[in-house]
Every structure is written in C-alpha cells, then in structure tokens.
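Trainee: Take this structure, written in structure tokens, and hold onto it; I'll ask about it next.
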Amino acid sequence: MGETPDKYEILQDLMRRRGFAWGSFEIYGGSRGFYDYGPLGATIKRKIERKIREAFQREGFFELETPDITPEKVFIASGHVEKFVDPLVECKKCGARFRADHIVEEALGIDTEGMSAEHLTELIREHGIKCPECGGELGEVWYFNLMFETKIGPYGDQKGYLRPETAQGIFVNFKRLNAFARNKLPFGVFQIGKAYRNEISPRQGMLRLREFTQAEAEIFFNPKEIEHPHFDEVKDEKLRLYPIEHQLKNLGEIELTAEEAVKKGYIMNTFFAYYMVMVKRILLDIGIPEDKIRFRQQLPEERAHYSRDTWDAEIHSERFGWVECVGVANRGDYDLSRHMRESGTDLTVLIHYDEPRIVKHLKVSLNMKRVGPKLKKDAKRINELIQSWDEEKLRNLVEVLERDGRITIEGYELERDDFIIKEVEEKITGEKIVPHVLEPSFGIDRPFYLLLESSLVIEEDRTYLRLKKDMAPIEVAVLPLVAKEPLTSIAYEVFRKLQKKGFIAVYDEKDTVGRRYMRYDEIGTPYCVTIDNQSLEDNTVTIRDRDTREQTRVSIEELPEKLRELIFGE
RNA sequence: GCGGUGGUAGUCUAGCCUGGUCCAGGACACCGGCCUCCCAAGCCGGUAACCCGGGUUCGAAUCCCGGCCACCGCACCA
C-alpha cells in the first residue's frame with residue numbers, strides 16, 4: 001500500500017522510542033486494546049482535544065463532563081443493553097465462531113433483526129444450518145455484549161457499565177441543558193472523555209482500542225428547521241463524498257461544494273452539511289492533509305441502532321487504507337424519546353408559534369352526576385378514556401349521539417344527556433416537540449495516529465515528523481552551537497525567556513549541533529534557535545526551520561514574537 | 001476466538017536446529033567525559049536483555065507443555 005514498506009515499523013519504533021505512544025502494561029506482558037500516551041504523545045493528544053474544544057466553543061456549544069461508570073438503566077433506555085451485542089454461535093466440531101444472525105440470514109434469506117438468541121438457535125436447529133467452514137454442527141447462540149460490566153456499591157446490587165459512548169451523558173442531562181439554553185433550539189453540547197468497548201479482537205495498533213477518547217457533540221434541533229443560519233459561511237467549501245449509491249454501484253467518489261451537495265440531494269440539508277464542513281475544517285486544523293480526507297456515507301446495515309443516516313469522515317492511512325475517524329450521525333429523536341419513555345421525564349421543548357393560535361375543539365366529558373349511580377366504579381375510568389380520545393373520535397361520538405340519542409361504551413348504554421359537550425376555544429402558544437439530534441463524534445486516538453503517520457517523512461539522510469507547526473509537542477529547542485561558555489549561559493537565558501512566554505521549549509547542549517537538529521526534527525520540533533559567536537557581538541540568534549533547514553537571524557529581543565508568528569501564525 | 005509465524009538490553013540482531021565453552025556477542029541509541037562555530041554515525045569510559053509459568057535434564061536462551069503479547073490470514077468491528 002505504501003511506497004515505503006516498513007514505514008509503519010519505523011513509525012511504531014519512533015513512537016515508542018521518543019515517547020509518543022506504546023502498548024499499555026508492558027512490564028506485565030501487555031494487554032491488547034490498550035495504549036499509553038507518553039510525554040510527547042500526551043501533549044499532542046491534548047492539542048488535538050484543544051482544537052476540537054475551541055471549534056465547538058466557536059459555535060457556542062456547551063461543554064459537559066459526566067461519569068464513565070453508568071447505571072444499567074441508562075443503557076437499557078439507550079438500547080445498548082439490547083442492541084450493542086453480537087449474537088455468536090460456535091461450531092462444535094472446528095470451533096470457528098460466526099455471527100449467528102449473518103449465518104441465518106444467508107441460509108434462509110430472512111431478516112433476523114431483533115431476534116432472540118433462542119429464536120436464532122431454533123432456526124438453526126429446524127433448518128439444519130451447518131458450519132460454513134467444516135459443515136459441523138453448530139452450538140447454542142449466545143449474545144456477547146460489547147460493554148464492560150461493573151457493580152456499583154459494596155453489595156453489588158446495582159449493575160453498571162462503562163459507557164460505550166460519551167453521548168448518553170449528554171442525553172440524560174437534556175432537561176437541565178435545555179433550561180440552561182433557555183428553551184431555545186438549536187443548541188449544541190459536547191463532551192470530551194473516555195469510552196469503553198470490549199472489542200472481541202482489537203487489532204491494528206491504536207486504531208481499535210478497548211478504552212479510547214471521544215469528543216462528541218450533540219446538536220439539538222427542531223426537525224422543521226433544517227436550514228443552518230450560517231450555511232453561507234461554508235457553502236463553497238469542497239467536500240469529497242462517497243455516497244451510498246456510489247458505493248453500491250462502484251461509481252467512486254465525487255467532489256463538490258457543500259452547497260452543490262445539498263442541492264443535488266447527496267446531503268439531506270444545510271444543517272447536516274454545515275457540520276460536515278466543520279468536521280473537515282477541524283481535521284485540517286489538526287494537520288490532516290486535505291487529500292487524505294473523505295466523507296463516506298454508511299450503508300444502512302452498517303449504521304448504529306440509533307442512526308437514521310451517518311456520514312463518516314475517513315482519513316487515509318498508507319498502512320490501513322481508509323480509516324473511520326469521525327461520525328456525523330442523524331440520531332433523530334431516538335435517544336430523547338427512549339429516555340423520555342424509560343424515565344418518565346418530559347424531555348420535550350415548547351416551540352412557540354409566531355402568533356398564538358386560537359383552536360376550536362370539542363370538549364366531551366361524562367356528566368358524573370347522572371352516570372355516577374349507573375356506572376359506579378367504572379364512571380371515572382370511562383371518563384378518562386373519553387378524555388384520551390382525539391378530535392376525530394370525539395366528533396364521531398357526538399354525531400352518533402345526535403343521530404341515535406344513545407351510544408354504547410364498554411358495554412354501558414349512555415344517553416345524550418349523560419354527556420357534557422362543549423365547543424371550546426383554546427389559545428395555543430406553541431407546540432411541544434422532541435428535538436432531533438445531529439451528532440458529530442470524533443475519535444481522538446485515530447486522528448492522533450493518522451496525524452503522525454501522515455506527518456512522517458523519510459528522506460535519505462533523515463527521518464522526521466513534518467507536523468503542523470502548532471501541533472508539535474516541543475515547539476522550540478534552544479541550542480548553544482557548542483557547549484562552551486558564555487554561549488551556554490546565553491542560550492539558557494533565551495530558553496528560560498521562551499518558557500516564560502508560554503512556549504513549550506527545551507534547552508539542549510549535548511552532542512554536535514547537527515545531531516541535535518536531527519534529534520528535534522525526528523519529534524517534529526518546527527524551529528531550533530541557535531546561539532553562536534555572532535550572538536556575543538550583536539545579540540542575535542538564528543532560527544532554523546525544520547522543513548527547509550534554512551536559517552534566519554533575529555535579535556533576541558524580537559525572538560518570541562517572531563516565533564509566535566512562525567508557529568501559530570499570529 | 002481459530003489457524004500460521006514469532007518474542008534475546010531502548011532498537012535491530014548473533015546464539016537456538018546439534019543443551020554445558022553464554023554471569024549471553026555486535027551495532028545503533030542512551031549516560032559521563034574529550035573534541036567540536038552549523039546539519040546524525042571522531043575518541044575514551046559506562047548502563048543495559050534471554051516474555052511469563054511449569055516440565056524434561058546433572059545442566060535450558062536453546063528441547064517439551066501452558067499462558068501472555070506482536071504480526072499475518074479467517075471471523076468480528078452497533
């Protein structure tokens with residue numbers, strides 16, 4: 001795949017050796033699916049998180065922080081207990097494992113969506129479905145849930161899970177967040193934190209972890225208002241899309257502006273498109289090259305149980321191909337509706353009409369004075385039943401009464417005078433809706449790896465990380481040309497000055513200067529400041545550029561400002 | 001989880017087949033010192049390893065079994 005076959009090994013080695021990242025728990029033999037961030041890696045990871053946080057904040061989103069450990073009820077409501085599972089079946093003969101639903105679907109051509117393990121087992125027995133590998137007999141189907149279980153409290157009576165996504169922490173707080181937003185849609189809330197998935201078989205280094213970091217934003221909006229007010233600001237941004245039908249018909253990717261994508265129906269609305277552009281811009285800001293970013297629309301069978309439509313931002317890896325890094329999902333009202341049902345809490349938002357509407361409608365109730373003695377205990381129940389009827393049903397009732405003078409409800413014959421019928425006028429100021437949710441969900445660990453991979457440059461005489469300058473974990477190295485006084489003292493002072501100005505800086509006098517340049521090139525330090533004999537005469541130093549190796553001379557006085565401009569473009 | 005291959009200092013590796021001469025050799029890196037006024041690999045010195053557990057044997061880096069981890073393929077990846 002890559003032009004340099006061992007680039008991945010070189011990067012893995014570099015990451016371990018220079019303190020970026022490595023497999024966790026090494027001294028005890030390691031554990032798959034867990035990675036440690038070393039000093040330089042942790043710094044880059046924080047910088048990625050910071051870029052995402054700042055981008056969300058620029059949109060006016062609120063940040064939130066909620067627990068990793070979550071009571072079971074939350075995930076029963078969210079559907080994760082039921083749906084975040086794979087039905088597995090094992091061949092009794094060769095031990096191979098398969099997705100039971102896939103096997104049944106393939107053999108019988110039926111939809112197995114939502115089937116129980118027992119049902120699947122039954123179908124396999126009935127139809128004599130055999131192991132696709134060796135033709136052996138298949139065992140019982142069992143569900144494997146990908147969430148880590150835990151017990152809350154000393155008695156182990158409350159079951160909990162480590163959250164498989166940070167999103168639920170936002171949904172369960174919707175009522176408070178909506179109050180905070182003063183009942184005004186749309187608004188966005190984000191959380192940056194850990195999530196956990198007990199992957200059956202983690203592979204591919206840092207790309208499939210059992211514990212990982214997400215930055216998820218949930219944007220709550222009125223499904224009737226799907227034009228983004230600031231779409232104009234992003235409409236000309238080019239997007240590289242790989243829509244469903246292009247995947248199915250092998251038509252390849254298309255590139256068009258956000259505006260065209262909406263007009264031609266590839267993206268459902270400007271609201272969705274706006275956030276896709278936002279995601280792209282964040283990835284660019286982190287330093288992912290534009291030509292390595294595309295949006296692929298998930299096929300229906302790939303989508304999560306809560307998703308109506310999902311576009312993944314994928315980043316191309318020389319090693320692993322296209323890697324899903326950000327999901328932009330339309331979750332509809334799935335989560336809020338489910339939490340509303342399970343918790344009994346009202347999670348609707350009142351949408352005010354421009355002007356209050358006067359609505360005439362029928363109000364029908366039992367005349368309790370009359371029917372009480374007749375219906376006894378059932379009077380109240382039937383009255384409530386009638387109250388729950390909609391306008392159309394009530395009109396039918398009245399019609400029958402006017403015509404026949406009587407009607408039978410639940411076995412009781414009731415007369416016209418048993419009812420109180422009123423035409424009332426009601427002033428309606430608005431409508432309660434369950435907001436819909438658009439979710440841009442960033443993985444942090446994957447872009448971290450892909451940033452390093454795409455930054456790695458292997459040249460004849462050096463290997464270095466051409467990181468975006470403001471992403472470098474060490475921003476500037478201060479080097480006396482040789483380790484001799486007074487160069488060392490001056491260099492140290494310059495170093496301290498830069499540190500105090502807020503740069504992530506190091507001082508280094510060890511080894512020849514060329515060797516030191518290589519050392520800092522390798523970890524992506526964009527600039528080395530060198531103090532030489534001329535510095536003694538005129539208080540100037542040189543700034544050496546990582547990518548071009550060119551040097552320019554500036555006064556010590558101007559150095560911090562100059563570096564700030566070079567690194568942060570300010 | 002299945003099958004294959006592998007696991008020796010920070011990294012790459014020699015040794016393993018043919019057990020003892022290996023308190024494990026080399027290179028690079030790292031640390032201390034010397035030299036050095038601009039792009040790694042000059043000199044001197046130093047630190048540092050047989051994945052874990054069990055077995056066979058007088059004796060195991062070496063042979064056998066189990067585990068863990070890595071890589072590849074299959075399966076899995078809401």
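The values are calculated or read from the model by the stated rules, or taken from the named source; none is laboratory data. Predicted model, so just to flag it, every value in this text is computed and none were measured. Please note: Cβ atoms are built from the backbone with ideal geometry, for glycine as well, and neighbour counts cover all protein chains shown. These area figures cover heavy atoms from the full protein model, side chains too; ligands, DNA and RNA do not enter into them. Shrake-Rupley method; radii C 1.70, N 1.55, O 1.52, S 1.80 Å.
Trainee: List, in the order given, every pair from A:376/A:432; A:280/A:562; A:184/A:264; A:175/A:224 whose Cα-Cα distance in the structure shown is over 25 Å.
Mentor: A:376/A:432; A:280/A:562; A:184/A:264
Trainee: For residue A:25 and residue A:545 in the same chain, what is the full-extension length gain: residue separation times 0.36 nm, less their Cα-Cα distance, in nm? Walk me through the numbers on the way to the answer.
Mentor: On the way: separation 520, 0.36 × 520 = 187.20 nm, distance 3.73 nm.
Gain on stretching residue A:25 to residue A:545: 183.5 nm.
Trainee: Still on this structure: Tell me the accessible surface of residue A:291 in square angstrom (1.4 angstrom probe, heavy atoms of protein chains only), to the nearest ten.
Mentor: Only protein atoms counted, so the area is about 110 Å².
Trainee: Take segment A:1-65, compute every pairwise Cα distance, and split them into 10 Å bins from 0; I just need the percent in each bin.
Mentor: 18, 32, 29, 17, 3
Trainee: If I fit a long axis through the Cα atoms of helix A:117-126 and take the longest principal axis of the Cα atoms of chain A, what angle between them do I get, 0 to 90°, rounded to 10?
Mentor: 80 degrees
Trainee: I would also like to ask the following. For residue A:302 and residue A:194 in the same chain, what is the full-extension length gain: residue separation times 0.36 nm, less their Cα-Cα distance, in nm? All intermediate terms of the calculation are to be shown ahead of the outcome.
Mentor: Numbers: separation 108, 0.36 × 108 = 38.88 nm, distance 2.31 nm.
Difference between extended and current length: 36.6 nm.
Trainee: Sticking with this one: For the residue pair residue A:423 and residue A:92, what label-to-label distance in nm results when each label sits 7 Å from Cα along the Cα-to-beta-carbon direction?
Mentor: 7.4 nm
Trainee: Distance between the C-alpha centers of segment A:243-261 and segment A:507-570? Whole Å please.
Mentor: 46 Å
Trainee: According to the Kirkwood expression over distinct Cα-Cα pairs, how big is the hydrodynamic radius of chain A, in Å?
Mentor: One decimal place: 28.8 Å for the Kirkwood radius.
Trainee: A further question on this structure: What dipole magnitude, in Debye to the nearest 20, does chain A give about its Cα centre under +1 on Lys/Arg Cβ and -1 on Asp/Glu Cβ?
Mentor: 1360 debye
Trainee: Right, another one. Would you please give the FRET efficiency between residue A:431 and residue A:482, computed as 1/(1 + (r/R0)^6) with r the Cβ-Cβ distance and R0 = 56 Å, to the nearest 0.05?
Mentor: Plugging the Cβ-Cβ distance into 1/(1 + (r/R0)^6) gives 0.15.
Trainee: Tell me which residues come under 5 Å, amide H to amide H, from residue A:161 once H is placed; ignore anything under 5 positions away on its chain.
Mentor: A:70, A:72, A:150
Trainee: Positive end of the charge dipole of chain A (Lys, Arg +1 and Asp, Glu -1 on Cβ, about the Cα centre): tell me which of A:358, A:371, A:219 has its Cα farthest that way.
Mentor: The residue sitting farthest along the positive end of the dipole is A:371.
Trainee: Which far-off residues, 5 or more places away or on another chain, put their amide H under 5 Å from the one on residue A:524, with H placed in the peptide plane?
Mentor: A:465
Trainee: For an R0 of 25 angstrom, estimate the FRET efficiency from the Cβ-Cβ distance between residue A:46 and residue A:555 and round to the nearest 0.05. All intermediate terms of the calculation are to be shown ahead of the outcome.
Mentor: Numbers: r = 32 Å, r/R0 = 1.29.
Efficiency at R0 = 25 Å is approximately 0.20.
Trainee: Order A:10, A:129, most accessible first, counting only protein heavy atoms with a 1.4 angstrom probe. Don't skip to the end; give the middle numbers.
Mentor: Details: A:10 50, A:129 20 Å².
The most accessible residue leads, giving A:10, A:129.
Trainee: In addition: Using the alpha-carbon centroid of each, what span in Å lies between segment A:15-48 and segment A:396-448?
Mentor: Value for the Cα centre distance between the two parts: 56 Å.
Trainee: Along the principal axes of its C-alpha atoms, what lengths does segment A:467-568 span, in descending order and rounded to whole Å?
Mentor: 33, 27, 23
Trainee: Something else now. Between residue A:359 and residue A:36, what is the label-point separation in nm under the 7 Å Cα-to-beta-carbon projection?
Mentor: Result: 6.2 nm between the two label points.
Trainee: Determine by what factor the alpha-carbon radius of gyration of segment A:225-276 differs from 2.2 N^0.38 Å, reporting the quotient.
Mentor: Compared with the compact-globule rule of thumb, segment A:225-276 sits at 1.14.
Trainee: Another question, if that's okay. Taking chain A as the reference, fit the longest principal axis to its C-alpha atoms, fit the long axis of helix A:39-58 to the helix C-alpha atoms, and give the angle between the two in degrees, 0 to 90, nearest 10.
Mentor: Tilt relative to chain A: about 50 degrees.
Trainee: Tell me the accessible surface of residue A:307 in square angstrom (1.4 angstrom probe, heavy atoms of protein chains only), to the nearest ten.
Mentor: 20 Å²
Trainee: Let me ask something else about it. Given segment A:174-264, report the % of alpha carbon pairs whose separation exceeds 19 Å.
Mentor: For segment A:174-264, the share of Cα pairs beyond 19 Å comes to 68 percent.
Trainee: In debye to the nearest 20, how big a dipole does segment A:299-441 give about its Cα centre with +1 on each Lys and Arg Cβ and -1 on each Asp and Glu Cβ?
Mentor: For this selection, approximately 1080 debye.
Trainee: By how many degrees, between 0 and 90 and to the nearest 10, does the Cα long axis of helix A:270-286 differ from the longest principal axis of chain A?
Mentor: 20 degrees
Trainee: For segment A:56-111, what percent of Cα pairs sit more than 17 Å apart? Mind showing how you got there, number by number?
Mentor: Values: 1014 of 1540 pairs.
So the portion of pairs separated by more than 17 Å is 66 percent.
Trainee: Further question on the same structure: Order of A:82-89, A:309-316, A:55-62, A:321-328 by packing, highest average Cβ count within 10 Å first? Let's see the in-between values first.
Mentor: Working: A:82-89: 17.9, A:309-316: 22.5, A:55-62: 15.8, A:321-328: 19.8.
The peptides rank, most packed first, as A:309-316, A:321-328, A:82-89, A:55-62.
Trainee: Using just the helices of chain A, give the 222 nm mean residue ellipticity in deg cm²/dmol: DSSP H runs with n ≥ 4 each add -39,500 (n - 2.57), and the total is spread over all residues, rounded to 500. List each step's numbers first, then the result.
Mentor: Values: 20 runs with 193 residues, N = 570.
So the helix-based figure for chain A works out to -10000 deg cm²/dmol.
Trainee: Would you rank A:264, A:45 by solvent-accessible area, highest first, keeping every protein chain in place and using a 1.4 Å probe?
Mentor: These residues rank, largest area first, as A:264, A:45.
Trainee: Counting only protein heavy atoms, what percent of the accessible surface of chain A is carbon or sulfur at a 1.4 Å probe?
Mentor: 47 percent
Trainee: Here is a further query. At what distance in nm do the modelled label points of residue A:13 and residue A:380 sit from each other, each positioned 7 Å from its Cα along Cα→Cβ?
Mentor: Spacing of the two 7 Å Cα→Cβ label points: 8.2 nm.
Trainee: Please give me, ordered by residue number, the GluC sites (Glu not before Pro) of segment A:405-435 that lie in loop per DSSP and have at most 16 other Cβ atoms within 10 Å.
Mentor: Numbers: sites: A:410, A:413, A:415, A:423, A:425, A:426, A:431; in loops: A:410.
Here the sparse-neighbourhood loop sites are A:410.
Trainee: Please give the per residue accessible area of segment A:467-568, computed with a probe of 1.4 Å over protein heavy atoms only, in Å².
Mentor: On a per-residue basis, segment A:467-568 sits at 47 Å².
Trainee: Continuing with this model, one more query. Multiply the residue gap between residue A:390 and residue A:146 by 0.36 nm, knock off their C-alpha separation, and tell me the result in nm, one decimal place.
Mentor: Here the segment from residue A:390 to residue A:146 would lengthen by 83.5 nm.
Trainee: Let me check something: with ligands and nucleic acids excluded, how do A:544, A:496 order by accessible area (1.4 Å probe), largest to smallest?
Mentor: A:496, A:544
Trainee: Now, a different point. Between A:344, A:23, A:33, whose Cα lies farthest towards the positive end of the dipole of chain A when Lys and Arg beta carbons carry +1 and Asp and Glu beta carbons carry -1, centred on the Cα centre?
Mentor: A:344
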